[in-house]
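The structure under discussion appears below in the form of structure tokens.
The values are calculated or read from the model by the stated rules, or taken from the named source; none is laboratory data. A quick note: this is a predicted structure, and the numbers were derived from the prediction, not measured. So basically every Cβ, Gly included, is an ideal-geometry build from the backbone, and we count neighbours across all protein chains shown.
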Amino acid sequence: MRFKSIILGEEEPIIDIETGAYNQKNHFTEEKVSIKKDNLGEITSVNLVTEDILIIDIQMYFSTPQTIRTEMIGESVVLNFICCNNVEANIDEVESEKYTTENTHNILYTSKLNATFKIPESEKINYLSIILSPDFYSKLINENWDLHQKFSKNIQQKKSGYLTPKYVPFNSEIQWAIHEIKNCKYSGSMKKMYLEAKIKELLIFQLESLKEFEAKAPVDEKDYKKLLEAKRILERNFTNAPSLLELSRLISLNEFKLKKGFKACFETTVKSYVTKLRMEYAKKLFKNKNSNVGEVAYKCGYKDVSHFSAAFKTFYGFTPMDFRKINIFTKLNFLFWELIDIFPLVDFL
């Protein structure tokens with residue numbers, strides 16, 4: 001099993017680790033990664049490695065948006081714990097939610113993973129991934145568990161996918177188990193025994209949590225996949241979003257189920273989600289280009305500038321003109337401090 005992660009445009013990977021076959025006698029080795037670049041940002045990662053287990057605890061903060069390409073060669077079961085919002089995730093051949101939600105978890109099986117993560121600027125990003133070989137995973141869990149049976153079938157068929165279609169919020173047991181894994185004080189064989197026990201404990205908490213979610217799920221899996229497709233359609237076409245009727249036809253789900261299901265699954269209405277996507281795009285245009293308000297309104301799908309301005313103020317709390325002024329001041333302030341770094345005031349005294 002090999003795990004490799006690299007920022008597009010950079011030569012050196014953030015992480016490049018290979019594991020072997022399970023050996024009970026071998027201990028965890030620890031690798032710490034620390035990258036800090038003025039034009040990029042900061043990355044810290046603590047990686048614990050043994051033959052059939054890879055624990056990655058990574059934190060990132062970028063000054064500009066970045067894209068990370070991750071690949072995993074070899075079969076693996078990934079216990080994923082996301083502690084951040086707004087990362088756009090695209091995993092080849094796996095149906096998943098497009099954007100991450102803070103403090104959520106899921107379990108993924110992959111025969112060979114290729115994924116792209118688009119990381120926003122000025123956001124604190126934190127992932128904890130516990131990557132297991134299928135053999136080690138099968139040793140940890142009771143095969144009679146309902147969810148595990150379905151998941152095991154996918155593993156046997158080498159069919160990549162998540163245990164459940166949606167990431168589920170942490171509960172207190174999961175949060176505490178994560179804390180104990182991250183703060184393990186043991187070393188050598190004791191560390192290996194402790195972490196393996198905690199991973200099993202965490203896996204049981206995950207399966208319990210995911211089972212509870214499946215029992216309470218507002219829609220069945222078939223309809224959820226259609227709603228997920230509706231969400232993707234809106235994300236691709238938010239500047240010219242389809243009407244509810246058009247969207248319901250595109251996903252073959254009636255309007256009532258679309259409206260009710262979308263709200264239940266994504267905690268927002270279709271209209272509010274389109275507005276959110278438009279406002280985030282508008283903010284990006286104002287920050288990256290010297291566009292005027294009319295141009296940005298048009299690019300975001302608004303025919304009337306006053307409607308755009310009203311929506312922007314409702315969403316952000318200030319008008320587009322006020323935001324442009326703040327953005328220009330911020331850029332000038334940043335430029336001032338950059339010049340100070342190059343030409344310290346003491347040089348002129």
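A few comments on the model shown:
- Taking the criterion of being over 16 Å from the mean Cα position of the chain (by Cα), touching a residue at least 12 places away in the same chain (Cβ under 8 Å) and surrounded by fewer than 19 Cβ atoms within 10 Å (Cβ to Cβ), the residues of the range 162-174 that qualify are N171, E173.
- Residues satisfying the stated conditions in the range 299-316, i.e. exposed (fewer than 15 other Cβ atoms within 10 Å of the Cβ) and closer than 22 Å to R236 by Cβ: K303
- Pick from the range 28-53, criterion β-branched (V, I, T) and touching a strand residue (DSSP E or B) at 6+ places or on another chain (Cβ under 7 Å), ranking: farthest from L79 (Cα to Cα): I35
- Residue, farthest from T64 (Cα to Cα), within the range 261-279, restricted to residues that are at pLDDT below 90 and loosely packed, with under 15 Cβ neighbours inside 10 Å: A264
- Qualifying residue in the range 113-131 (condition: under 27 Å from N171 (Cα atoms), part of a strand (DSSP E or B) and over 14 Å from the mean Cα position of the chain (by Cα)): yes
- Counting only helices (runs of 4 or more DSSP H) that fall entirely inside the range 185-261 and contain at least 1 residues that are within 16 Å of Y167 (Cα to Cα), the qualifying elements are 188-216, 221-237.
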